[in-house]
């Protein structure tokens, strides 16, 4: 293993993931003892995000049993990066991640956000390897059984009602589980609805891609690095941008205010506007110092220009006077900017 | 049952609660089929909040199997009020409640917030009825076994290390369960750590009150009513105020902004400040209309004066121009105002 190979921490894994996925070549040091604590389907999605974010690099993906462990790996320079889910388009913010970013015990003082990654899980129709050599164009209507997670049926209604009316449906515990069953199926003509990633993982064929009625349910991940590590100072991986136009920079700042002072929160938020920074998200968590006092997490964006190149620095300077504490979690390229 | 008896909806119940608690005289219409879905310990806390909020009235407490059902009961005028948890001082906002207040399908258009209630669960040392007639002053050190939920041991460390060193400790599934075990104990001298409410519920004696090292872990509840129901237009129950000074009014407003317009969120929040309204909490939930667009929930406070008596109305008027939609969820007396 070359010494300069990037190490990327993520929540995971089942050991079986770690040696099967193309970009992964880790030797998990986790004892089986820990595995049952981790939701395998959640791991699968985070592993996919980590793999896709660093797809063009020769990265080693390091599984960790909790988000806190992934933060610690970056803080202690055991990992170069960590890939952490921040919010989901349907379920909202990931409270566990906000609580780590609250960093109430100052455990992660060298950790910063250097990027983001959006993962939309597209559904595919998967079949056992070699079943339909000519693909969907040559599909003869012979599939007799379908497997997927209960939520996925409703998300692929158009295809199912057009081509699979009356075909037996079997609920399984995860979409990935469906792909696994199909990979081992020998008796019947079965198909599973699951991700492309699950197809690669379980070695099955994709009969048809993007079969969902509407692509939603996207998870946004933050990519973390250690501020003291030189070799990650410039983002060492090339992120595929969803847009070719001049991109926006996003910044994450956390702060607490003096709650006894009326208007303190409005004054703090005003500072962003005063420096031309557009608020794009606000989250709060209990301070745990006193009841009903909060730590605020604000994301703001700006289209870089000569005029505003110091906007974030100036805003932080003003915030230091208007808040009890504030912390710059870093700036990165907005992957959704239009 | 007099026709004018107040009906209060809450999340619950186990039928056993409903006829034992002093203020309750409901005939639960729920089939046992539904009960296992509901976390009994959570129900117990919400029942306690409902009972305490309406303690000085002859209220009938109506159990409902979900928060959504309690909202519907108020909307359909089956209940006069509902008592719903909104946030916890340790765990933060109750996402389920925010999603109901988002009211994305306009199901609860007549529901408003008319009050709040803070419930701090204090721990007590409970013993079987009649065991120590002279109370804590006459306690002879004869307790040989203690029961409580694992979390409670650490919260009562001072008392335990001073008076119960070396006494056997038995973990139970909830503090209330501990009180139940002690109520039936005959063989040994046992005590439980649980709430005063659990003591009344299980008919055991309180040997010592407020034995926690630090009173925290408070839950804030919102009290809902129907805007069209005349008899609840003036809050028909007398809320015990924690303060005697001129109290603050709180208002809850939800809104959505045009996310493509830079500064839209800052402009909306500025309106509160412009009308002298102090922001006391901000929460967000996904709009579920488009990914990465949110519904905002803002609470603001003001100390009523001649000058600002129309502040909320004026702010709402301005908000209507600055937002895609906004909704006034009502105003009520701040129970924490100093």
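Tabulated values for the structure
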{"read-out": "Exam field: residue B:4 pseudo-label spacings to other copies (7 Å along Cα-Cβ), nanometres", "value": "8.5"}
{"read-out": "Ascending list, in nanometres, of distances separating the residue A:90 label from those of the other copies (7 Å, Cα toward Cβ)", "value": "3.1"}
{"read-out": "Distance in nm between pseudo-label sites at residue B:110 and residue A:209 (7 Å out along the Cβ direction from Cα)", "value": "5.3"}
{"read-out": "Chain A, helix-only ellipticity at 222 nm - DSSP H runs n ≥ 4, -39,500 (n - 2.57), divided by all residues, nearest 500", "value": "-7500 deg cm²/dmol"}
{"read-out": "Whole-Å semi-axes of the ellipsoid equivalent to the protein assembly as shown (Cα gyration tensor, √5λ, descending)", "value": "45, 34, 29"}
{"read-out": "Principal semi-axes in Å for segment A:249-330 [√(5λ), Cα gyration tensor, largest first]", "value": "23, 12, 10"}
{"read-out": "Simple label model, 7 Å out from Cα along Cβ direction - residue A:186 to residue A:306, nm", "value": "7.3"}
{"read-out": "Ranked list, fewest to most other Cβ atoms within 10 Å of each Cβ, for A:259, B:202", "value": "A:259, B:202"}
{"read-out": "Shape box of segment A:193-330 [Cα atoms, principal axes, largest first, Å]", "value": "61, 41, 33"}
{"read-out": "Antiparallel bridge percentage (DSSP; both residues within the protein assembly as shown; nearest 5)", "value": "75"}
{"read-out": "Rounded, prolate or oblate (a/c below 1.5 giving rounded, otherwise prolate when a/b exceeds b/c) for segment B:124-208 by Cα gyration tensor", "value": "rounded"}
{"read-out": "Scattering profile of segment B:33-161 at q = 0.16, 0.18, 0.23 Å⁻¹ [log10 I(q)/I(0), Debye over alpha-carbon scatterers]", "value": "-0.97, -1.11, -1.53"}
{"read-out": "For residue A:58, label point 7 Å along C-beta direction: distances to other copies, nm", "value": "8.4"}
{"read-out": "Stokes-Einstein D in µm²/s, Kirkwood radius over Cα pairs - segment B:40-113 at 4 °C with 1.567 mPa s viscosity", "value": "98"}
{"read-out": "Relative exposure of B:201, A:149, judged by other C-beta atoms within 10 Å (fewest first)", "value": "A:149, B:201"}
{"read-out": "Most mobile of B:262, B:63, B:304 in a GNM of chain B (Cα contacts under 10 Å)", "value": "B:262"}
{"read-out": "Label-to-label distance, nm, for residues given as residue A:234 and residue B:261 (7 Å Cα→Cβ offset)", "value": "4.1"}
{"read-out": "Efficiency of FRET from Cβ geometry, residue A:162 and residue B:337, R₀ 60 Å, rounded to 0.05", "value": "0.50"}
{"read-out": "Potential extension, residue B:4-residue B:96 segment - 0.36 nm per residue separation minus Cα distance", "value": "30.0 nm"}
{"read-out": "A:139, B:294 arranged by Cβ crowding within 10 Å, fewest neighbours leading", "value": "A:139, B:294"}
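Each reported figure results from applying straightforward, stated rules to the coordinates on display, with no laboratory input. Please read these numbers as outputs of a predicted model, since none were measured by experiment. Heads up, the Cβs are rebuilt from the backbone with ideal geometry, glycines too, and the neighbour counts pull from every protein chain shown.
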